[in-house]
Each structure stands twice: as C-alpha cells, then as structure tokens.
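Data first, discussion second: the structure below is written as structure tokens.
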Amino acid sequence: MVVVHSHPTVTGTILRVRGPLELKCQLGSTDVFQIQKVISGTFEALRSQVKSEACVLSVCDSPVIIWPNKGVRATPEEITPVNLCEDLNQWIQTDEQESFGKKSGKKKSKKSSAVSVINLHLMMEVTNSGSLPAPILSRTVQKSHFLATTLPIDCVVCTSSDSTIKDACEHLMEALTHQLCEMEKVTLQHMNGTTLLVPEAFHFLLPEPKGLMTVVYPAGVPDSQLVTQRKELHQQYELPVDKSYFRRANAYHFPGEPYRDGYLRNPHLALTHPILDDGKVYLVQGIYSYHHYMQDRMDDNGWGCAYRSLQTICSWFQQQGYVEHPVPTHKEIQQALVDVGDKQSSFVGSRQWIGSIEVQAVLNQLLSVTSKIMFVKYVAKQHLVSIHVYVDNLDSL
Amino acid sequence: MGRGYIVDDAVERYLSALCGQPTVPVTGLLIGQSTTQRDFVVMATRTPQREESTTATGNSVDKDWVTEHARQVSRMLPGGLSVLGVFIITENDGKETQATLRQLVFAVDNLISSEHLWKPADDDVTECVTLHVNPKTRKTTCRTFEVKDPKSTAKPADWKYQCGVCSSWVMVSCWLNVDMLVPLPNNRTSAEYMATCVKEGLKAWAHQIDNSVCLIDGKKLPEDTELTAGQKRNVKQTYTTQLLIMPEELRSADVIQSCGGSMSVRGTIHSRVYLHSNKPKSKLAEKLLKRDVVSTVATRVQMLMEELQASEEESKSRETQLTEQLPRRVFCPVKATGPLCVCDYQFSDEDLCEVTDRLKEMLDIDAAEEDLDTRQEMTADIAESRVKEEATVETVNALEPKRKGFTGKYLMFCCGIDISTHHSPHITMTATKM
C-alpha cells in the first residue's frame with residue numbers, strides 16, 4: 001500500500017472557458033525587435049477583441065449564450081446577470097434529457113459535494129449593427145513571413161455558491177485577458193528566428209487555500225527544460241520541492257473529461273470496498289491508468305499479468321510527475337531485462353512470464369525507482385512498506 | 001408525381017408580352033425558390049440582346065450567352081432567390097426545342113454551381129425547370145430535370161399561376177463583419193494568382209461561417225421551428241439574425257512560413273434572405289443566410305479580381321501596396337408592392353445610373369435611381385462622416401480615390417479605416433503615383 005499526500009478536491013462550481021483564437025499576421029521585417037512589435041500588436045488586438053461586445057460565451061450542451069461585455073446580456077431571456085452561476089446547470093442538457101430546455105423542477109439534479117464544471121465556448125459575434133463601411137481589400141507584396149496559428153485559450157474560474165453570473169463573467173474576462181498576456185510573454189520568450197512555439201495553458205490544483213491555478217507553457221519544450229519556471233512557481237506558492245506540482249503530468253483532470261489516451265483511471269474507486277472483520281483497507285493515493293490483458297492490440301492473455309501490473313505501476317509514477325518515461329510496452333520491458341543482463345536477447349518478442357524480481361529490475365532500469373521485496377505469509381502492520389522515491393538527476397519538482 | 005410550380009401572375013404577363021415580340025425564339029431565365037416543401041417562381045427575365053449578333057440567327061440559341069447571363073443574374077439575387085430554370089418562347093414544338101432546353105438547363109446549373117463555395121446539403125433541391133411556351137397556341141409545357149444526373153430524362157411538372165405569390169414572404173437579414181487575412185506565395189504576384197489565394201482564404205472563411213451558431217431574433221432555435229408559428233398572416237415579416245463563430249484549431253508544425261506578402265479583406269456587408277411564407281423553417285433560414293453571406297463576399301471579391309486582371313497591363317496591379325474598395329451592395333424592389341428585392345454591386349467610381357442600366361439589361365427591371373436602396377452598405381467616406389459625429393477614436397480623412405476607371409494619372413491617396421469594435425483602430429495607407 002502506498003501512502004501519499006491526499007489528493008485535494010475542489011468544491012463549488014468551476015467555469016471553464018475554452019476556444020481557439022486566431023493569431024495571424026505578416027512579419028514584414030527580419031529584425032527581431034520589429035517582429036516582436038508586430039506580434040505584440042496582434043496580441044493587443046486579440047485582447048481588444050476579447051474585451052469587446054463581440055465576445056460571446058456559449059455554455060456547452062445548452063441554449064445559453066452570454067455577452068459578458070454587453071451588460072452580461074444572455075439568451076434565453078430568463079437568464080439575468082444576477083442569477084447564480086450554479087443555476088446555469090439547470091439549462092445544461094445531459095444524456096437523460098431529450099428536449100433542449102430547462103430541466104423540469106421534479107428532476108432535481110444530484111446534489112453532491114463533488115465539484116461541478118460548467119464548460120463554455122469562447123466565440124466571437126461577427127454580425128453587427130451595420131454602421132461600418134463596406135469591405136476594403138488590401139494587398140502588400142513583400143518577401144517576408146506569415147504567422148498563422150490558433151491560441152488554445154483555456155481559462156478557469158472557481159466560483160462559490162453565492163456567485164452571480166455577473167461576478168463570474170468579470171472574473172472570466174480578467175482571466176482571459178491575463179492568459180493572453182501570459183501567452184504573449186511565453187511566445188516572445190521562446191521565439192527563435194522563424195520558429196514560434198504555441199503557448200498552452202495547464203491547470204494545476206494546489207493545496208488549500210491556493211486552489212486551482214493556471215500556467216502557460218510553450219508546446220514542444222519538455223518539462224526537463226522548464227525547471228527554472230517550476231522553481232519560481234514553487235517559491236511563489238511556497239511549495240515543497242520534493243514533490244512535483246507543475247509538471248504537465250500533474251495537470252488537473254476535470255471531472256467528466258475523458259483522458260486522451262483512452263485508458264481508465266483508478267477503476268478501484270468504482271468498486272465496493274471489502275468489509276473486513278480484523279483488517280483495514282488501505283487504498284492507493286494518486287492516479288494511475290489501468291492496464292490489462294489484450295490492450296494495445298497485444299494478445300497476452302494468460303501470460304501478461306505481471307507485465308500489465310508493471311505498466312500500471314509505471315503509470316502511477318508518470319502521472320504523479322515523478323518521471324517522464326511513458327508507460328513501457330511489453331517489448332520495452334523485455335528489452336530492459338536483456339539490457340540489465342537478466343535475460344537472453346531471445347527473450348525479446350517471446351511470450352514468457354515475468355515475476356516480482358523482474359518487475360523490480362525493470363522499475364530500476366527504466367524509471368530509476370528502487371524497491372524492496374518482502375516474503376511474508378500474511379501482511380501485518382509492521383510489514384507495511386512505504387516506498388521512498390529516488391529520482392536521479394532532477395529535483396522532484 | 002412531378003414537381004408543382006406556383007408562379008406569380010406577373011410572370012404570366014411578362015411571358016405573354018414576350019410572345020408578342022418579333023424576335024423568335026426568345027430564351028430567358030426563371031427565378032424563384034425551390035424547397036422540399038414548395039416551388040415558387042417569382043420572376044422571369046429574357047436573355048439580353050448580344051451586341052455582336054445584329055443579324056437574326058434564326059432558330060439557333062446562343063448557349064454560352066444564356067449561361068453567362070444566368071451567371072450574372074445569379075450574382076444579382078439575394079439569398080432565397082435563385083435561377084430555377086430556363087424558358088423558351090418558340091413556335092417550334094419539335095424535339096429540338098426540348099433538346100435545347102435540356103442543354104441549357106444543365107449548362108446553367110453547371111456554371112452557377114461551380115461558383116458556389118459551400119457544400120451541397122442533403123435537403124437541397126437538385127431539379128431544375130424548363131418551360132416551353134408556344135407564342136401562337138400559347139401552349140405551355142413544363143418539365144423538370146435532375147441536373148446532378150447527366151443521364152436524367154424530363155419529368156412532367158405542374159405550372160400554376162397565382163396572384164400575390166410573394167406578397168407575404170419573410171425577410172431574414174444581418175450586417176456582418178468580414179475580417180480575412182491570407183498570405184501570398186513567393187514570386188507569384190499576378191492578379192490571376194492573387195485571385196487563387198483569395199479563393200483559398202474565402203473557402204476557409206466560408207467554412208467558419210458554415211459552422212457558426214445562428215441566432216434568429218436573439219435566440220438559438222431548434223432546426224424545425226417554424227419561423228411564422230403562432231402568427232396571423234402578415235404580422236411579422238422581418239427577422240434579425242446573429243452569427244457567432246469559433247475558429248478551427250490550426251495546429252500545423254510550421255507556425256511561421258515564408259511568404260511573398262499578404263492580402264486582407266475587412267469591412268461590413270449586408271446579407272439578406274427571402275423565404276416563402278408557407279411555414280418556413282428556421283433551418284432553411286439559417287442555411288440560406290449563411291450561403292448569402294458567403295456568396296456576397298465571394299462575388300464582390302471576384303468582381304474586383306476581374307477588374308484588376310483586366311487592368312493587368314497597367315502598372316497598378318503590380319504595385320507593392322494596393323488598397324481597393326470592394327463594390328457595395330445596392331437593393332432594388334422587384335415590384336412596387338411586395339417585399340422582394342434584387343441587388344447589384346456598385347463600384348466606388350460608378351454612378352447609380354449604371355446600376356439601373358444593369359438592372360434593366362440583366363433582369364429587365366425598369367427602376368429609377370430613387371427606387372434604389374443604397375442605405376444598407378456604406379462606402380468608407382460616408383461611414384467616416386457618420387463616425388465623426390459618434391466616435392471617440394481619432395480618425396483620418398478618407399479621400400475618395402480619384403481615378404477614372406483604372407487608368408488615371410492622378411496621385412492616388414487611399415486610406416482604409418477599420419474602426420470596428422473587433423480591433424483596435426487599424427489604418428492602411430498607401431500613396432502611389434499612377
């Protein structure tokens with residue numbers, strides 16, 4: 001059994017706004033300063049756009065649309081700025097519902113202490129009142145460069161039970177503007193000649209009372225090269241350096257959001273826990289992905305159980321941010337054993353079993369994780385092993 | 001069972017009048033709205049005389065000229081109205097007439113569809129109508145063809161005249177801000193290549209519009225909502241719409257690419273759709289509006305490209321900095337009564353009389369300059385003078401470009417202002433000696 005700091009939870013309603021914003025401009029000169037000026041100008045234009053009346057927030061799976069900069073006007077008309085945020089839940093269509101409207105009063109949504117997330121799309125209204133001139137076509141001929149990408153805007157705001165829609169919109173607009181500033185900073189910081197890295201937002205859940213916060217990282221730069229940024233963040237938020245909080249793998253997983261890799265997470269939580277007369281149940285803390293026979297088009301039915309357990313263990317280390325090594329395949333596991341001299345090279349590609357000794361050897365070889373094997377008839381209190389994690393070159397953060 | 005066309009009796013009068021004229025045969029276009037629910041014909045217009053052919057060509061019909069006429073007419077129709085088919089007035093009741101009609105209707109549909117920037121929808125009607133009127137006997141033969149199937153044969157259809165067909169039609173409209181920026185490739189700067197690049201940009205923008213959320217009178221309506229539900233006749237005839245877009249995620253490896261320049265189209269257009277009054281559905285309104293938005297921008301850009309290509313010999317199109325106003329949309333009522341309007345595009349150096357001339361030539365409409373509705377879109381100088389009263393932002397004087405056609409010897413000082421709330425004020429200034 002592994003004991004780790006308990007995973008903090010978020011209560012209340014989280015509003016999450018996502019939407020791509022186009023970043024497009026012509027870079028007329030090769031002078032770095034000029035390029036930065038043009039890019040900053042384009043970001044400034046995006047900030048104006050987000051603060052303008054054309055900015056629209058559309059609540060996913062619902063008919064609700066809000067104009068946050070137009071007096072927090074909304075459609076349907078029943079929604080007013082002074083309504084509570086959590087009232088929006090009544091308009092969101094779940095799978096049980098057929099019609100597209102407010103849920104009937106009788107079907108009261110389950111009230112749980114778990115966090116509820118309201119997802120919103122960031123959109124732009126392109127229609128207007130018509131007091132602007134007819135189109136103009138402009139063309140510039142100049143051998144230069146063209147920047148075209150979309151910024152993956154992803155902002156969150158945590159609200160309390162008495163927050164109104166108006167409050168939430170104010171905070172969301174602040175968050176959007178702030179994120180654009182952060183993205184501009186990261187973009188310019190990591191620009192190199194004609195390569196530009198797209199800034200991406202990650203949300204991290206820090207211990208109370210800090211809660212959920214967002215960091216922007218440049219895409220394509222591995223965690224190992226972002227140590228300085230993480231050190232600064234640990235200092236800023238007064239966090240211990242022996243545990244990682246800000247690696248990409250630590251990103252907060254929003255309830256109901258599917259995992260990109262398709263694997264289940266922590267299926268043991270969905271099971272009924274055994275009731276023991278003279279025993280105690282200890283559960284894994286943290287998140288792992290569940291690996292089993294026949295996954296990944298690998299037919300290991302009957303012989304792969306230890307390989308799969310090993311994959312599950314490796315996933316825990318990766319997802320808590322202790323290592324970046326992805327979950328190894330059967331072949332990679334077998335190759336690791338050959339590399340340490342435990343098996344002949346013919347072992348790779350075979351369907352041979354492995355046991356605890358091999359699991360220990362692979363954890364050491366691939367993840368630099370050391371472990372201790374104990375042989376016991378039954379597990380008593382003194383046998384509970386706490387696993388100390390040693391990570392080679394990097395601080396845990 | 002064939003299609004049934006409900007035809008305004010103004011069309012009957014028009015066709016009758018053509019029967020009395022000496023020039024035989026007379027071809028022309030039938031204009032209206034075809035939906036899965038109903039087919040309506042609201043206008044007819046004869047093929048204009050071709051200047052070159054002064055000699056009567058007897059019974060032969062100039063297919064290319066008919067299709068070119070159809071292409072130009074198509075540009076003059078707001079959303080909801082389209083060329084539904086062709087008519088011919090001839091005493092020849094033989095097979096050649098049917099063959100001619102078949103040839104014409106396929107060619108017309110081919111050409112018009114090739115200019116569309118949208119994907120066909122499942123509920124689009126793909127049948128076109130042909131009408132043969134014998135001027136002596138006044139016998140009317142109406143048939144339809146499935147124009148997406150080159151092997152299709154003629155099917156009989158009903159042709160029924162009725163009065164006031166479009167008197168209570170509904171109008172759905174909006175003003176929309178266009179903001180497009182596309183790169184130009186290296187070493188190819190001819191006007192023709194520019195047109196190709198613009199088309200790519202337009203396609204991407206059209207895709208955004210197609211995926212946009214459409215609100216009618218401020219609400220997101222389920223697809224099958226009847227717009228006129230719960231109303232007595234003639235109560236509400238206009239609806240405002242709003243379009244909300246979300247760009248598609250662009251995640252290519254090369255965020256920065258080399259280019260030979262860039263081209264932008266920025267400004268506001270007025271888009272309009274007419275819908276039949278027989279329980280029109282919001283899904284139809286949305287589809288037709290989005291198509292009109294895309295086609296009005298594409299048409300104007302194409303018209304400008306055509307002008308620039310024509311003046312390729314002049315040094316204008318090779319300048320490093322070029323700023324041109326797209327023509328603005330002007331509307332003209334089809335009849336003194338009734339809501340329907342057709343439209344035309346007026347370049348900034350054209351007078352309104354040129355618009356009325358084109359309306360007469362292409363659509364056979366007799367309109368006076370006072371009848372034209374020029375208030376829906378403004379050119380930069382008109383907008384600027386309005387803005388001076390309202391805006392809190394500093395503006396620069398926009399001078400009307402002084403040129404005669406595209407061959408001027410004047411100093412062209414052109415200033416484009418984008419003062420929309422979507423951007424911080426953006427000014428493109430060019431000064432070139434021509």
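So here's what we get for this one:
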item: Relative contact order (percent, whole number), the stretch B:130-229, Cα cutoff 8 Å, 6+ residue spacing; result: 12 percent
item: R0 of 35 Å, Cβ-Cβ distance A:Ile275-A:Val348: FRET efficiency to nearest 0.05; result: 0.20
item: Accessible area of B:Thr36 in the full protein assembly, 1.4 Å probe (Å², nearest 10); result: 100 Å²
item: A:Asn192 versus B:Glu226: modelled label distance in nm, points set 7 Å from Cα along the beta carbon direction; result: 6.5 nm
item: A versus B: buried accessible surface, summed, Å² (probe 1.4 Å, to nearest 100); result: 5700 Å²
item: Estimated inter-spin distance, A:Ser131 and B:Lys335, nm [label 7 Å along Cα→Cβ]; result: 3.7 nm
item: Debye log10 I(q)/I(0) for the stretch B:69-126, one point scatterer per Cα, at q = 0.15, 0.18, 0.28, 0.30 Å⁻¹; result: -0.54, -0.72, -1.27, -1.36
item: Angstrom value of the Kirkwood radius, inverse mean 1/r, which spans all Cα pairs in the stretch B:162-293; result: 17.3 Å
item: From the C-alpha gyration tensor of the stretch B:48-180, square roots of 5λ in Å; result: 28, 19, 17
item: Kyte-Doolittle at least -0.5, axis length at least 24 Å by Cα - qualifying DSSP helices, chain A; result: A:32-51, A:165-189
item: Two-site label geometry, B:Asp123 and A:Glu44: point separation in nm, points 7 Å out along Cα→Cβ; result: 4.7 nm
item: Quarter of Cα convex hull surface for the stretch B:142-209, i.e. mean projection, nm²; result: 9.8 nm²
item: Amide H contacts of A:Tyr288 (H built 1.01 Å from N, under 5 Å, at least 5 apart or other chain); result: A:Asn266
item: Over chain A, relative contact order from alpha-carbon pairs under 8 Å, at least 6 apart, %; result: 18 percent
item: DSSP-defined beta bridges in the stretch B:29-143 - what % are antiparallel, rounded to 5; result: 75 percent
item: List A:Ser58, A:Ser160, B:Ser74, ordered by accessible area with a 1.4 Å probe, largest first; result: A:Ser160, B:Ser74, A:Ser58
item: 222 nm mean residue ellipticity, helices alone, for chain A (DSSP H n ≥ 4; -39,500 (n - 2.57); rounded to 500); result: -7500 deg cm²/dmol
item: Tail beyond 14 Å, pair distance distribution of the stretch B:233-286 (Cα, percent); result: 75 percent
item: The stretch B:23-164: Lys pairs at Cα distance under 28 angstrom, eight or more positions apart or on different chains; result: 24
item: Rg(Cα) / (2.2 N^0.38 Å) computed for chain A, rounded to two decimals; result: 1.21
item: Length added when fully stretched, A:Val82-A:Gln142, from 0.36 nm per residue minus Cα-Cα; result: 16.4 nm
item: Contact order normalised by residue count of the stretch A:278-340, Cα under 8 Å, 6+ apart, percent; result: 28 percent
item: Nearest-10 value in Å² for the accessible area of A:Val38, using the 1.4 Å probe; result: 50 Å²
item: A:Glu86 accessible area, assembled protein chains, probe 1.4 Å, Å²; result: 70 Å²
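The values are calculated or read from the model by the stated rules, or taken from the named source; none is laboratory data. Quantities reported herein were computed from a predicted structural model and do not represent experimental measurements. Counting neighbours? That spans all protein chains shown, and the Cβs are built from the backbone with ideal geometry, glycine included. Please note that ligands, DNA and RNA were not included when accessible areas were found on the heavy atoms of the full protein model with its side chains. Shrake-Rupley method; radii C 1.70, N 1.55, O 1.52, S 1.80 Å.
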